[in-house]
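The values are calculated or read from the model by the stated rules, or taken from the named source; none is laboratory data. Every value quoted in this text rests on a predicted model; they were computed, and no experiment measured them. Cβ atoms come from the backbone with ideal geometry, glycine included; neighbour counts cover every protein chain shown.
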Amino acid sequence: MIGYFSAGISRIAFLDQLLQSPSRRIGWNTPRTAISQVAGWGLKPSADKARRYAGAEGLPYLSLEDGFVRSLGLGVWGAPLHSLIVDATGIYYDATRSSDLECLITAADSSAAQLARAQACMALLRHYRLSKYNHAPDIPLFKQVDGTLRVLVVDQTFGDPSVGYGLAEEATFAQMLDAAIAQNPGAEVLVKVHPDVICGKKKGYLLEIARQRDCRLIGEDLSPWALLDAVDKVYVVTSQLGFEALMAAKEVHCFGMPFYAGWGLTVDQQTCERRGVQRSLEQVFAAAYLRYCRYINPYTGERCELEDTIALIADQKRVQERLRGDWLGAGFSRWKRSFVPAFLGSAAQLRFGRRHPTVLQGVDSQTAIVSWASALEPEFVSACSGAGVTLWRMEDGFVRSVGLGADLVRPLSLVLDSRGIYYDASAPSDLEALLQETDFTPDMIERGSYLREKLVSLRVSKYNTGTSTPLDLPQGRRLILVPGQVETDASIAKGSPVIKTNLGLLEATRAANPDAFIIYKPHPDVVGGGRYGDINAARLCDLEVKNVAITDLLDQVDEVHTLCSLSGFEALLRGVSVVTYGMPFYAGWGLTQDRLQCSRRTRRLTLEELVAGTLISYPIYVDPRTNHQINAETAIALLAIQRARARPDNFKTKAYRLIRNRFLKR
């Protein structure tokens, strides 16, 4: 049992998983024999009580700290922690004594595979431009590169423990700035100070000195990578920005002794007798990021690796930046208004209004309009175009929920499209452009392969309804599944220009396959009584099933014949042949047998590329517990957890269906 005193530590989600041991907060009634180790937050004064307790009881002390890739936002904002450091020897920023990290770097016993992994992870951090915190805007510091030599000098907040324990003091910062000026004659010296220092909320070391030296102050909150893009050299005392500068191939001068100094990678003003050996950047990275830090998915509680954390935070950052700005939600019901703001995210400013041309009065061109795609009227679309504002269309995502939207089950995923919408093949959409134009990187293809395997192994589908019921199917006959659709859906009107009914689809399938055993499955919304599309299928199919899980059917059939149902995409994931009679988003890329063609779709995709574009890049996923945007892997894990806990339809759901089916328009 690991004990601690800090209330802050008690608020860390899934703490026991990170500590790899049970933990509890030590109180007046805690038996001393119940605690085997004591944890505190590094060397901060708030951890003094924990250190004294450990010393008095003769117990090992564990220093906890945020990991080097912590979160999307700041911890003080409540951003959940993705990585934690647990050090039994010291702590990485204390150069006055050894630490677990220093021992790992000194040992240099990383395998060739681990060093290659370190190199790949550094490439991912550079590609996705990730740092410890990732909330700051990533915008260029200068409009163009003009050949001017620029040097970055990094300030820190006054009293930062890493300064004193990093063999530095207040005077060190002035020495660093003077050295940067003297060693780089004619260069423009940029001094990065904390935004709170500029406005007087915090104290730093360099603000006044930089003004006296006529240096350029950078006080806005910017991505570290935006800073590194603009400079040639970086001067730090102990800031982590110095290590990120090494990853960016910058020359780094250290005036303190951070964890990455003393190994021959930096120009050092200090020495440390315990170090003094040459280590490669890959060796230091492997020790610090791969072996020293512990990673967790803060939404599922599953321990993970750095690559998983990079994928999650990179997707969070990408979606946040994509949706940053002012939004007007037009025509959303009260129920949808309860969850739509979470999907647009914390960087979006959203207000709601009617879906009527008058709502556009006074709206400037910088405000984006968002409305539910299937509810849009041509008049409103024309009004948006005439007003010069961008209209974004919103719809349910492809891995939606455990339960039906028609039953008011909140979604875990939505899609948001600035060109059109994925099911409308009559016009381009963001998904179509993404699939047609994206150069999928190896890590995206690997993630696409992983997602496909997880969806299949976890048996996750769009709605995750139905039961596992054994079916007595004939041997030796070709088994074809025909999934029914809601005939009034916009997906039929826009995505299936020739055949528009379930009966028509069954007739076409039977005509083309007279000897096949055809299984017909009505759409869950139709079975639930909430939507139109019910037919008498007995004369055209050999078996009609209603409440069998779609994943069970896909495991047993040879082919799926569909207008534009998502079941066709789910069949592709499982290696089942798919014949399309409409033009769904997954058709036209060389993976399906298509009765119709789309001239805009000229590329041939692998299944992994289709999955990466469709499930990773296009949708938005939200954790229903925290309302934070998440990524596809996390959403699938959450759906599997929800499904395991799901109960049969409760009284509330049944009552709603009764009222809806009897009194409400479908």
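Some notes on this structure:
Residues are listed down the side, and each one gets a yes or a no for (1) modelled with pLDDT under 95; (2) farther than 17 Å from residue 122 by Cα; (3) of a type in the set (Asp, Glu); (4) assigned by TED's automatic domain parsing to the domain that holds residue 156:
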site	(1), (2), (3), (4)
218	yes, yes, no, yes
223	yes, no, no, yes
228	no, no, no, yes
235	no, yes, no, yes
243	no, no, no, yes
253	no, yes, no, yes
262	no, yes, no, yes
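- The stretch 94-124: number of residues that are closer than 27 Å to residue 55 by Cα and within 29 Å of the chain's Cα centre (by Cα): 1
- Unique match (being crowded, with 18+ Cβ neighbours inside 10 Å, in contact with a strand residue (DSSP E or B) (Cβ under 8 Å, 6 or more places away or on another chain) and closer than 30 Å to residue 122 by Cβ) among 344, 323: 323
- So residue 371, is it assigned by TED's automatic domain parsing to the domain that holds residue 520 and at pLDDT 95 or above: no
- If you go through the stretch 18-45 and keep only what is among the aliphatic types (A, V, I, L, M), surrounded by 15 or more Cβ atoms within 10 Å (Cβ to Cβ) and over 34 Å from the mean Cα position of the chain (by Cα), you end up with 26, 35.
- Just so you know, in the stretch 558-579 the residues that are crowded, with 24+ Cβ neighbours inside 10 Å and β-branched (Val, Ile, Thr) include one that is nearest to residue 474 (Cα to Cα), and it is 560.
- Filter pass, residue 591 being within 23 Å of residue 520 (Cβ to Cβ) and modelled with pLDDT of 95 or more: no
Okay, residues lined up against (1) touching a helix residue (DSSP H, G or I) at 6+ places or on another chain (Cβ under 6 Å); (2) closer than 24 Å to residue 632 by Cβ; (3) among the small types (Gly, Ala, Ser); (4) crowded, with 23+ Cβ neighbours inside 10 Å:
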site: 255; (1), (2), (3), (4): yes, no, no, yes
site: 259; (1), (2), (3), (4): yes, no, no, yes
site: 262; (1), (2), (3), (4): no, no, yes, yes
site: 273; (1), (2), (3), (4): no, no, no, no
site: 278; (1), (2), (3), (4): no, no, no, no
site: 303; (1), (2), (3), (4): yes, yes, no, no
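- Yes/no for residue 480 being modelled with pLDDT of 95 or more and touching a Phe, Trp or Tyr at 6+ places or on another chain (Cβ under 9 Å): yes
- Residues located in the stretch 435-444, provided they are in a helix (DSSP H, G or I) and either more than 19 Å from the chain's Cα centre (by Cα) or buried (at least 16 other Cβ atoms within 10 Å of the Cβ) (or both): 435, 436, 437, 443, 444
- The residue list 44, 132 contains one member that is assigned by TED's automatic domain parsing to the domain that holds residue 264, touching a residue at least 24 places away in the same chain (Cβ under 8 Å) and basic (Lys, Arg), which is 132.
- Pair list, Cβ under 7 Å, 6 or more apart: the stretch 51-70 residue crowded, with 20+ Cβ neighbours inside 10 Å, other residue among the aromatic types (Phe, Trp, Tyr) and not in a strand (DSSP E or B): 68/289
Each row is one residue, and each column tells you yes or no for (1) more than 25 Å from the chain's Cα centre (by Cα); (2) surrounded by 15 or more Cβ atoms within 10 Å (Cβ to Cβ).
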residue: 358; (1), (2): yes, no
residue: 363; (1), (2): yes, yes
residue: 373; (1), (2): no, yes
residue: 388; (1), (2): yes, no
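- Taken over the stretch 270-311, residues that are outside the structural domain of residue 167 (by TED's automatic domain parsing) and of a type in the set (Asp, Glu) amount to 4.
- Count of residues meeting criterion [part of a helix (DSSP H, G or I) and either within 35 Å of the chain's Cα centre (by Cα) or at pLDDT below 90 (or both)] in the stretch 491-535: 9
- Selection count, the stretch 152-193, where residues are of a type outside the set (Lys, Arg), part of a strand (DSSP E or B) and either closer than 11 Å to residue 236 by Cα or outside the structural domain of residue 254 (by TED's automatic domain parsing) (or both): 4
- Every residue from the stretch 215-242 that is buried (at least 18 other Cβ atoms within 10 Å of the Cβ) and assigned to a strand (DSSP E or B): 218, 233, 234, 235, 236
- Tally, over the stretch 375-386, of residues that are surrounded by fewer than 21 Cβ atoms within 10 Å (Cβ to Cβ), closer than 22 Å to residue 492 by Cβ and not acidic (Asp, Glu): 4
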